[in-house]
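Just below is one structure, and these are the notes that go with it.
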Amino acid sequence: MELSNILKGINAKYDNDINITGISIDSREIKEGNMFIAINGFEMDGHKFISSAIDNGAKAVLIDEDRYDEFKDVNAEVVTVSNTRDVVPFVACNFYNHPSKEFKLIGVTGTKGKTTTTFMIKKILEEAGNKVGLVGTVANYIGSEKLEDADRTTPEPIKLQELFRKMADAGCDYVVIEVSSQSLKIGRVDGSTFDVGLFTNLSEDHISPNEHPTMEDYFLSKAKLFDMVKTGFVNIDDPKGEELIALKPECSFKTYSVNKPSDKKASNISINNVETKFNCEINKKEELVEINVPGNFTVYNALGAISISEYYGVENKYIIEALKKVSVPGRSELVPNKLGLALMIDYAHSEESLANILNAVKSYTKGRVISVFGCGGDRDSRKRPKMGEVSGKLADYTIVTSDNPRTEDPELIVKDIVEGISKVTDQYEVIVDRTEAIKKAIEIATPEDLVVFAGKGHETYQEINHVKHPYDERIIIKEIIDKM
């Protein structure tokens with residue numbers, strides 16, 4: 001593609017309109033004829049790798065204009081912009097020829113429920129005969145084909161537009177994407193053409209110097225999605241729901257709820273250990289909705305998915321049938337096992353999400369609720385004692401263990417958790433090695449108990465000192481039980 005087309009709509013300076021074969025912000029990925037985009041990032045300055053990129057075949061380099069004097073004589077076309085980070089999403093959209101204009105793009109944001117809601121929307125639209133792409137926390141899909149496991153909720157701009165191009169070329173009618181607050185804050189999805197957006201809820205999460213310094217910053221980052229959509233769908237039971245509607249008067253909103261009056265309201269809610277049922281009006285007809293995922297949060301996720309499906313004219317029979325079939329990896333996922341134990345894997349990794357899952361299972365479990373969890377390193381440390389206190393109050397027994405320690409000492413993370421749990425109960429123990437913690441929970445569980453392994457969910461790795469080691473709890477559980 002010609003450089004002028006890649007830079008269309010972008011205020012850039014350069015001398016020669018040359019042909020570019022690819023773009024990347026990683027000098028190691030550069031191939032002959034590519035353009036290297038040097039970003040002065042949070043941890044590393046990409047300008048330091050310009051010579052390496054040129055050695056690998058870069059034909060052009062995109063740099064910050066205030067660095068021009070340093071690099072004006074390099075052996076490549078030098079393109080300057082005021083800030084490379086700001087223009088990357090638009091460069092990516094141009095290079096991949098704006099793929100999100102070729103399908104209906106549905107964005108889902110919020111603290112909890114994004115993954116489940118996107119899977120529900122995808123399943124319903126597919127049941128109605130559409131081809132659907134999905135981009136999110138678990139993996140990226142085109143229909144039933146898993147393209148790859150995801151390493152973050154919302155990909156970096158170039159990766160995202162490359163995915164969108166694959167989905168457009170595959171003939172996707174719709175693409176559903178989890179849009180993280182961080183991706184909105186730093187502009188990863190800028191330039192994408194969204195059709196509708198959905199707001200699930202807001203609770204304290206991702207508050208840290210590396211993510212969002214305050215809850216207000218967190219909320220306003222998520223709210224940016226609704227500058228980019230024609231129609232928004234909002235959980236009006238969440239305190240931030242009405243605030244979001246007032247904040248974005250240019251967006252046309254539809255609401256859903258369990259408690260407050262709304263456009264889509266659930267009633268007659270029934271939850272047991274295998275399913276959730278409720279009534280709601282769909283396309284002006286009262287329907288019974290049945291979902292094989294227990295929990296009050298399931299009602300909200302389904303209401304959001306139903307609202308969007310109804311907006312797109314999906315018939316009731318497809319909505320009802322799809323919700324009966326839907327399942328989401330690592331979300332209230334029961335692991336089959338020869339011991340007949342109720343072993344549940346869930347992604348809960350915050351105070352609220354841990355409380356939600358423990359309250360949900362507590363309401364229908366005959367025996368004890370056993371909680372096994374840890375907290376991630378290099379994340380908001382204030383939530384650790386809070387999560388300890390939640391588990392101490394709600395679970396009958398807790399095993400405090402490690403999660404993804406990243407660059408922190410697991411022992412110190414566990415110590416923070418114990419600070420909270422020790423205030424409310426003595427029914428806990430500490431086993432820092434997660435596999436040993438899982439083993440202990442299985443050994444002490446009876447068929448009437450339910451064990452919640454919280455925090456890892458769909459993840460198939462454990463991150464320690466920047467290295468992701470293979471770690472799939474389903475496999476770990478099976479291996480432990482096979483040896484028993």
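The values are calculated or read from the model by the stated rules, or taken from the named source; none is laboratory data. As the structure is a computational prediction, the values presented were derived from the model and not from experiment. We place every Cβ from the backbone using ideal geometry, glycine too, and count neighbours over all the protein chains shown.
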Residues in segment 35-79 that are among the aromatic types (Phe, Trp, Tyr), under 16 Å from Ile158 (Cβ atoms) and assigned to a helix (DSSP H, G or I) total 1
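Per-residue answers, yes or no, for (1) surrounded by fewer than 17 Cβ atoms within 10 Å (Cβ to Cβ); (2) touching a strand residue (DSSP E or B) at 6+ places or on another chain (Cβ under 6 Å); (3) without any contact (Cβ under 8 Å) to a residue 24 or more places away in the chain:
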| position | (1), (2), (3) |
| --- | --- |
| Ser52 | yes, no, no |
| Asp55 | yes, no, yes |
| Tyr68 | yes, yes, yes |
| Val74 | yes, no, no |
| Ser82 | yes, no, no |
| Arg85 | no, no, no |
| Val91 | no, no, no |
| Ser100 | no, no, no |
| Lys104 | no, yes, no |
Would it be correct to say that Glu32 is part of a helix (DSSP H, G or I) and over 30 Å from Gln182 (Cα atoms)? no
If you go through Ala454, Ala441, the only one that is more than 26 Å from the chain's Cα centre (by Cα) and touching a residue at least 24 places away in the same chain (Cβ under 8 Å) is Ala441
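Between Ile54, Ile20, which is in contact with a helix residue (DSSP H, G or I) (Cβ under 8 Å, 6 or more places away or on another chain), of a type in the set (Val, Ile, Thr) and not assigned by TED's automatic domain parsing to the domain that holds Lys122?
It is Ile20.
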Those residues of segment 446-484 which are among the aromatic types (Phe, Trp, Tyr) and assigned to a strand (DSSP E or B) amount to Phe453, Tyr461
Selection from segment 316-366 of residues of a type in the set (S, T, N, Q), under 17 Å from Thr398 (Cα atoms) and outside any helix (DSSP H, G or I) yields Ser350, Thr365
Query raised in the report: So is Asn130 farther than 25 Å from Leu303 by Cβ, in the same structural domain as Met228 (by TED's automatic domain parsing), touching a strand residue (DSSP E or B) at 6+ places or on another chain (Cβ under 8 Å) and not in a helix (DSSP H, G or I) or not?
Result: no
Reported set for segment 425-445 where residues are of a type in the set (Asp, Glu) and either closer than 16 Å to Val414 by Cβ or not in a helix (DSSP H, G or I) (or both) is Asp426, Glu429, Asp433, Glu436
- Within segment 109-124, identify whether any single residue is at negative phi, over 20 Å from the mean Cα position of the chain (by Cα) and modelled with pLDDT of 95 or more, and answer yes or no. no
Selection from segment 370-400 of residues out of contact with any Gly (no Cβ under 8 Å at 6 or more places or on another chain), hydrophobic (A, V, I, L, M, F, W, C) and either surrounded by fewer than 23 Cβ atoms within 10 Å (Cβ to Cβ) or in a loop (DSSP other than H, G, I, E, B) (or both) yields Leu394, Ala395
Arg406: passes all of (1) farther than 23 Å from Gly136 by Cβ; (2) within 21 Å of the chain's Cα centre (by Cα) but (1)
